[in-house]
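The values are calculated or read from the model by the stated rules, or taken from the named source; none is laboratory data. Every value quoted in this text rests on a predicted model; they were computed, and no experiment measured them. Positions of Cβ are generated from backbone atoms using ideal geometry, with glycine treated the same way; all protein chains shown enter the neighbour counts.
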Amino acid sequence: MGKFLLMLSGTLIICACRQQQPASSPTSIGLRKISISDQQTVERLRQSGVKILVQQPDYLVVYGDSAAAAQLRALATDTQPATEQDLTQRLVRIHFTDKARLQTIVDLGVDLWDVQGDSVTARVYDLYLEQLKQNGFTYRILKMDAGAPEDK
Amino acid sequence: MKFAFKLNGRAVISAGMLISAFLLMGGRCDNNGGQNPDAGLYHTYAEINDELHKLAADHPPIARVSSIGKSVEGRDLWAIKISDNVTQDEPESTVVFVGGHHAREWIAVDMPFLLAKYFLNRYGADTTITRIVNQTEIWIVPMVNPDGHQYSVTTQRLWRKNRRNNGDGTFGVDLNRNYEYEWGGPGSSGDTFSDIYRGPAPFSEPETQAVRDFLQQHRPRSLISYHNFSQLILYPWGYTNNPAPDEPLLQNLAVAMADRIRVVHNVTYTPEQSSDLYLASGDTTDWLYGALGVPCFTIELRPRSASPGFELPESQINPTFEENLPAALYLIDWSLQSNTVTL
């Protein structure tokens, strides 16, 4: 009886520890992390059309569909699944001119913290910074890692 | 398997004790960095759980705790009902206070929890509180997003969403973009990595499903959903700049609550239509008003600006509660008086 209970409990523990894994889109490659040692790799990836979500000094986090996967293979780039710890965001102050422009910022998907006058404080990925730039917004980076503790 | 069969009785008992300890600690391997995290004077999930049950145990005739559902990771979404004859569903006005849709907004959990504590501790001693507890059914759901809150306490202070595994290396759905009414509209994102990710479908999350089912069952007369920060009192709509059909009423109630807040500590909360800030769709109040016609408000608590932002100092917990109490009481009183009025 005791042995049976032990085995049953072990099975329950294994079940409890399994992470929930919903199916991802078959066309998505998910978020991939790429170690980088030089700027040329970044430029090659950028020109290939792969979307760069995060750009850190030593790695990129990219994403895309199956076409992006093919591009990565063509560039012979080794990738690995990105983790949450890789998803660094910047804290920025973004300037806008009117409410329609503010809505453009919001609709990009940024994490908007605060609206004061003609600027907002937001937490953003590098991908969103690139899109802000393309949309003609000006911004100032307040913190390179929005999640890092404040300097004392 | 062979190893298990060779275990002697002592080994079986030891293993059983280890397993029991594991199960007692919550039985989860969810990488939350410990089972008893500390949020200082703010309440963690475990503390909310303990204290709500203790409050109910200390006030059995007027308080009852129940779970309205479970989170993605299996935590209970606790609610406390406060009313005389608490075990009965009486034909009284129901007023609901919810908090903690967003993980990092710790004050938005403590605010409704402190309301519950205040009502229960003042019952019988304070005539106003005794009257409203006797005449209404007050429901408080202080932590709608327990998984996210736990993650914010243990791992990433500024986490916003729930802890849904999106299956692509990202986690979380923004619960306050996941409600069905005008889901997928402006101010929400389809990017799983976005902090305003609306989820794959309206009500895709067990947390929002639980709130939806609870509100459909209890049909409140009014509701406040607490968030922080910015010091605002927001009313529908959020998804459009058009005014809501009951805009004059919603505005009057919001202004009245802001007036009552200001007299306490001379702190200003701005009353406005939610979309005056910017358009955002799929939130709690748009759904509750749009689907059920319930007057409802999002109150963005202290502070005013991004510094200190979400990390409101503990010293401001009580002042925040003190100034928001008269606004909550006002809405309860309005709900009582307007019970026969049809919007």
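Details
- Candidates B:GLU311, B:GLU322, B:GLU300 - the one that is touching a residue at least 12 places away in the same chain (Cβ under 8 Å), touching a helix residue (DSSP H, G or I) at 6+ places or on another chain (Cβ under 6 Å) and either outside any helix (DSSP H, G or I) or among the acidic types (Asp, Glu) (or both): B:GLU322
- Residues satisfying the stated conditions in region B:100-156, i.e. acidic (Asp, Glu) and not in a strand (DSSP E or B): B:GLU105, B:ASP110, B:ASP126, B:ASP147
- Within region A:25-61, considering residues that are surrounded by 12 or more Cβ atoms within 10 Å (Cβ to Cβ) and charged (D, E, K, R), the one farthest from A:ARG90 (Cα to Cα): A:ARG44
- Counting only strands (runs of 3 or more DSSP E) that sit completely within region B:207-294, zero hold 2 or more residues that are over 16 Å from the mean Cα position of the chain (by Cα), β-branched (Val, Ile, Thr) and on the phi > 0 side of the Ramachandran plot.
- Only one entry of B:LEU331, B:LEU343 meets the criterion of being among the hydrophobic types (A, V, I, L, M, F, W, C) and at pLDDT below 95, and that entry is B:LEU343.
- Entry remark, region A:114-146: residues being under 18 Å from the mean Cα position of the chain (by Cα) and of a type in the set (A, V, I, L, M, F, W, C) number 8 in total.
- Residue within region B:170-190 that is closer than 25 Å to A:ILE52 by Cα, within 8 Å of chain A (Cβ to nearest Cβ), acidic (Asp, Glu) and outside any helix (DSSP H, G or I) present: no
- Checking each residue in region B:114-170 for being charged (D, E, K, R) and modelled with pLDDT under 95 picks out only B:ASP168.
- Scope region B:288-315; condition within 30 Å of B:ARG219 (Cα to Cα) and small (Gly, Ala, Ser); matching residues: B:GLY290, B:ALA291, B:GLY293
- Qualifying residue in region A:118-133 (condition: farther than 17 Å from B:PHE193 by Cβ and polar (S, T, N, Q)): yes
- Residue list for region A:105-139, restricted to those being polar (S, T, N, Q) and facing chain B (nearest Cβ under 7 Å): A:GLN116, A:THR121
- Complete set of residues in region A:49-103 that are closer than 30 Å to A:GLN116 by Cβ, more than 11 Å from chain B (Cβ to nearest Cβ) and part of a loop (DSSP other than H, G, I, E, B): A:GLN56, A:THR88, A:THR97, A:ASP98
Rundown of residues vs (1) farther than 23 Å from B:ASP147 by Cβ; (2) out of contact with any Pro (no Cβ under 6 Å at 6 or more places or on another chain); (3) among the acidic types (Asp, Glu), yes/no style:
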site	(1), (2), (3)
B:GLY74	no, yes, no
B:THR87	yes, yes, no
B:ILE107	no, yes, no
B:ASP110	no, yes, yes
B:ARG131	yes, yes, no
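- Check on A:LEU142, surrounded by 15 or more Cβ atoms within 10 Å (Cβ to Cβ) and out of contact with any Pro (no Cβ under 6 Å at 6 or more places or on another chain): no
- Checked against (1) part of a helix (DSSP H, G or I); (2) in contact with a helix residue (DSSP H, G or I) (Cβ under 9 Å, 6 or more places away or on another chain); (3) closer than 30 Å to A:GLY30 by Cα, B:SER194 meets all criteria but (1).
- Residue within region B:202-225 that is within 12 Å of chain A (Cβ to nearest Cβ), modelled with pLDDT of 95 or more and over 16 Å from B:HIS102 (Cα atoms) present: yes
- The single residue among B:SER194, B:SER225, B:SER204, B:SER188 that is out of contact with any Cys (no Cβ under 6 Å at 6 or more places or on another chain), among the polar types (S, T, N, Q) and under 28 Å from B:ILE317 (Cβ atoms) turns out to be B:SER225.
- Failed item in (1) within 14 Å of chain A (Cβ to nearest Cβ); (2) surrounded by fewer than 15 Cβ atoms within 10 Å (Cβ to Cβ); (3) of a type outside the set (Phe, Trp, Tyr), with B:GLU314 passing the rest: (1)
- Filter result (of a type in the set (Phe, Trp, Tyr) and either buried (at least 24 other Cβ atoms within 10 Å of the Cβ) or more than 14 Å from chain A (Cβ to nearest Cβ) (or both)) within region B:261-285: B:TYR269
- If you go through region B:191-201 and pick out every residue that is more than 9 Å from chain A (Cβ to nearest Cβ) and surrounded by fewer than 23 Cβ atoms within 10 Å (Cβ to Cβ), you end up with 1.
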